[in-house]
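**Student:** Handing you this structure, nothing more for now.
Every read-out reported here was derived from the displayed coordinates using simple, explicitly stated rules and does not represent laboratory data. These numbers come from a predicted model, not from an experiment. Cβ coordinates were reconstructed from backbone atoms using ideal geometry, including for glycine residues, and neighbour counts include every protein chain displayed.
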Amino acid sequence: MALSSRWKILNKELGKWRDALTKAMDNQRSRENLSNEIMQAQMWYGAAGQGKKPFNHTQCWEVVKHCKRFSIIPTAPTVVLNETPLHDSQASDSPMESPMSEDSPIERKPRPIGRKVVKAKR
């Protein structure tokens, strides 16, 4: 019982920390290092919690930061300098190189038969 109630608290705190880190990463300026990013994340975390207490669960964060629930998804646009992306982007082709034809419809798979139709056939 004590472990599950502790996990509820940790889960909430780790979620807030992930959000603060995401904001700090999105707000990162050039030539800033990781310590500046963490300090900025601490400020975002404190602002989210009305400045009551700092984030003290860094050891827990190191364990769960690669889990799917706590992974940080960058939301900042990809920075491009001389046509060379600085960050890996999901789409390898730019929209200008491969325009989408309006004539080609998107193929849709047929939906599976529903429960009511299967029961009606019986």
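**Student:** Spin-label point model (7 Å from Cα, Cβ direction): what's the residue 111 to residue 60 distance in nm?
**Tutor:** 4.3
**Student:** Hey, another quick one. Measuring from label point to label point, each 7 Å out along Cα→Cβ, what is the residue 10 to residue 43 span in nm?
**Tutor:** 3.0
**Student:** Straight-line reach from residue 8: which lysines fall under 18 Å, measuring Cα to Cα and dropping same-chain residues less than 8 apart?
**Tutor:** The reachable lysines, counting only those whose Cα sits under 18 Å from residue 8, are 16, 53, 65, 68.
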